[in-house]
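The values are calculated or read from the model by the stated rules, or taken from the named source; none is laboratory data. Bear in mind the structure is a predicted one, so any value in this text is a computation, not a measurement. Side chains are part of the model used for accessible areas, which takes the heavy atoms of the whole protein and leaves out ligands, DNA and RNA. Shrake-Rupley method; radii C 1.70, N 1.55, O 1.52, S 1.80 Å.
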Amino acid sequence: MAVELNHTIVPAHDKHASAAFLAEILGIDVGEPVGPFVPLQLGNGVTLDYQDQSTFSSQHFAFLVDDELFETARRRLLDREIQTWADPDHHQPDSVNTRWGGRGLYFSDPNGHNMEIGTSYG
């Protein structure tokens, strides 16, 4: 059997609001709570399990999306006046990168996690 990532815990100050934020940006459903987790099921079978925690460090999550979802998610971010950047260090505001033969951008979620959407990770 090949090794696959099954799930990861995403620490949050408010697991319900945090899961709902990302679900809305990506156009996916929030799952029913399971124990201490609020899950977001991704298309490749990986689950992001949001869990309330009082202290945590910022993490990075990158999502491979098609061109249509990239534009839709980007529009949702802009409509909500959420700052986006072309780079992971947040030095190039309001831009889209073209690394790896596609388009990508970064944004912070309500917990300060560095989220990324990209159309290619070649």
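Counting 0.36 nm for each residue step from Tyr121 to Ser58 and taking away their Cα separation leaves a gain of 20.5 nm.
Defining a contact as two alpha carbons under 8 Å apart and six or more residues distant in sequence, what relative contact order in percent does segment 1-108 show? It comes to 20 percent, rounded to a whole number.
In this structure segment 10-122 gives 53 Å² per residue of accessible area when probed at 1.4 Å with all protein chains present.
The share of accessible area on segment 46-122 that comes from carbon and sulfur is 45 percent, using a 1.4 angstrom probe. Within the listed set His60, His91, His16, the residue fluctuating most in the Gaussian network model of the chain (springs between alpha-carbon atoms under 10 angstrom) is His91. When the surface is traced with a 1.4 Å probe over the full set of protein chains, Tyr121 keeps roughly 80 Å² accessible.
Helix 15-26 versus the longest principal axis of the chain: what is the Cα-based angle in degrees, 0 to 90, to the nearest 10? So the helix axis and the longest Cα principal axis differ by about 30 degrees. Restricting the calculation to Cα atoms, every distinct pair contributes to the Kirkwood radius of segment 2-118, found to be 14.7 Å. Using a 10 angstrom cutoff on alpha carbons, build the Gaussian network for the chain and name the most mobile of Gly35, Gly104, Gly43. Highest fluctuation of the listed residues: Gly35. You can think of it this way: the chain between Asn6 and Asp89 has 27.1 nm of extra reach, that is 0.36 nm per residue less the Cα-Cα gap.
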